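Colleague: Dropping the structure in here first, questions after.
The values are calculated or read from the model by the stated rules, or taken from the named source; none is laboratory data. Because the structure is predicted, anything quoted here is derived from the model rather than measured. All Cβ positions, glycine included, derive from the backbone under ideal geometry; neighbour counts span all protein chains shown. Heads up: the accessible areas ignore ligands, DNA and RNA and are worked out on the full protein's heavy atoms, side chains in. Shrake-Rupley method; radii C 1.70, N 1.55, O 1.52, S 1.80 Å.
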Amino acid sequence: MTGSLAMAQRVAEATRGTEKVRPAGRVTRRHWSQTDRAFSIRMSSLVQPAPPYSALYGLVRVGLVSRDWAHRQAGLYPTHIHLKETDRSHALDLRPTVSGWLDLESEHSVQRYLRSDGSPLYGSFTDVSVEPMLSDLFNRIRAYFGMHAPLGQVGAEKGLVRLCWLLAKLEYIFRNEVTNDPVYRMFSDGKPTVEQLYAAADEASVNELVELVRLLHSSGSLNEMRTLAGNPPLGRPWGIARPVFNSYWADHDLLIGGQDGTTLVDVNSVSKTNNSTRSRRWIWRLLCCAWLDSEDAYRIRNVAMYFSRYGSLVTWPVEELALELFEGEDPEDTRHEFLGLVQQLREEDRRARPREA
């Protein structure tokens, strides 16, 4: 992709000279990724009232809840509540697409977080006695978002981002070892209450996230996304939250739009955008995700990056992006080669999983 450098420079130009939202003081390295996840969850709730998939997976992964509990919780979200009872029994592994549903369980992806006997793959807890408390927590989260997080609009942000911060912590335990994390220790040291979990976010982090939401609105980027979504009426979803590409490639993405075409948006809360090596990887990832939708389930016609600390949205039509990356050469041969390699790796992964379990 010989045109990658020029594309990376365009990313830097989009944010050059723009005042950015910074943390209030010195922060740890983990603060940046935590803020990124929390803001991405808030962005997702603007687009679609879907379950916090990775947060629920994280609770299952460490053994705090059963898989059935997580499926029941997912089935209570507006996107999933009208599924047939037989489908709601594995609701967490069902994801909406533009044209229907994607069943992750049929891809055997459940082996990512459970053993073959259904026990947690990385279980640190021996019982699920906190399930009633967590049920109360998620009931309150759904109610609060339903009342105070209108689709596509700024809402009661201080309360909303505090909950997004907590959900981001639960997302983190899905893919990371977290024995030293304060929220994780709340469970290992006893049984926290809903109030204790709600209060876990520090005020500086909450205020920073509120500023990111305000910038999304004041910069005009929220209106740009509304236009990409086709200017839907109030109350109607703008697209799909956390679309899935090749198993669980879904953490920070949004799809905005519908049957006539969507824009895949990567939400990015980095502080610096002038690292060309990193920017090229962001661009490559977007193109690869668009290519991975080989059956056109998501109707991806454009890709975009939203830089939340700058309030800057950068978009490209997929076909034009591919042509610019390959500097006019036909990218179809590379696309077919890429998809063939992906299929080969997936087959190898499927063969390896039973031995791991």
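Colleague: Which of (1) touching a Leu at 6+ places or on another chain (Cβ under 6 Å); (2) open to solvent by 10 Å² or more (accessible area, probe 1.4 Å) is the odd one out, the single condition GLY152 does not satisfy?
Modeller: (2)
Colleague: Quick one: which of ARG301, ARG309, ARG346 is basic (Lys, Arg), at pLDDT 95 or above, over 20 Å from GLN9 (Cβ atoms) and under 24 Å from the mean Cα position of the chain (by Cα)?
Modeller: The unique qualifying residue is ARG301.
Colleague: While we're looking at this one, here's another question. Give LEU166, LEU170, LEU160 a once-over and let me know the one that is of a type in the set (A, V, I, L, M, F, W, C), out of contact with any Lys or Arg (no Cβ under 9 Å at 6 or more places or on another chain), closer than 27 Å to LEU46 by Cα and at pLDDT 95 or above. Full working, then the answer.
Modeller: Values: LEU170 fails: at pLDDT 95 or above; LEU160 fails: out of contact with any Lys or Arg (no Cβ under 9 Å at 6 or more places or on another chain).
Exactly one of LEU166, LEU170, LEU160 is of a type in the set (A, V, I, L, M, F, W, C), out of contact with any Lys or Arg (no Cβ under 9 Å at 6 or more places or on another chain), closer than 27 Å to LEU46 by Cα and at pLDDT 95 or above, namely LEU166.
Colleague: Name the residue, out of VAL342, VAL303, that is surrounded by 14 or more Cβ atoms within 10 Å (Cβ to Cβ) and within 28 Å of ASN274 (Cβ to Cβ).
Modeller: None of the others qualify; the one that does is VAL303.
Colleague: Let me ask you something else. What number of residues within region 52-85 satisfy the criterion of being assigned to a helix (DSSP H, G or I), under 21 Å from GLY146 (Cβ atoms) and free of Cβ contacts under 8 Å to residues at least 40 places away in the same chain?
Modeller: Summing the residues that are assigned to a helix (DSSP H, G or I), under 21 Å from GLY146 (Cβ atoms) and free of Cβ contacts under 8 Å to residues at least 40 places away in the same chain in region 52-85 gives 4.
Colleague: Let me ask something additional. Within region 306-335, track down each residue that is assigned to a helix (DSSP H, G or I) and loosely packed, with under 12 Cβ neighbours inside 10 Å.
Modeller: The answer is GLU320, GLU332, ASP333.
Colleague: Only one of these is more than 14 Å from the chain's Cα centre (by Cα), closer than 21 Å to TYR53 by Cα, of a type in the set (A, V, I, L, M) and open to solvent by 10 Å² or more (accessible area, probe 1.4 Å): LEU228, LEU292, LEU234. Name it.
Modeller: Being more than 14 Å from the chain's Cα centre (by Cα), closer than 21 Å to TYR53 by Cα, of a type in the set (A, V, I, L, M) and open to solvent by 10 Å² or more (accessible area, probe 1.4 Å) holds for just one of LEU228, LEU292, LEU234, which is LEU292.
Colleague: For region 18-51, how many residues are open to solvent by 40 Å² or more (accessible area, probe 1.4 Å), in a loop (DSSP other than H, G, I, E, B) and among the hydrophobic types (A, V, I, L, M, F, W, C)?
Modeller: 2
Colleague: In region 246-260, what count of residues is obtained for those that are surrounded by 17 or more Cβ atoms within 10 Å (Cβ to Cβ) and either under 9 Å from the mean Cα position of the chain (by Cα) or modelled with pLDDT of 85 or more (or both)?
Modeller: Residues in region 246-260 being surrounded by 17 or more Cβ atoms within 10 Å (Cβ to Cβ) and either under 9 Å from the mean Cα position of the chain (by Cα) or modelled with pLDDT of 85 or more (or both): 9 in total.
Colleague: Sticking with this one: Which one of these is under 19 Å from LEU151 (Cβ atoms) and either surrounded by 13 or more Cβ atoms within 10 Å (Cβ to Cβ) or small (Gly, Ala, Ser) (or both): VAL213, VAL206, VAL183?
Modeller: VAL213
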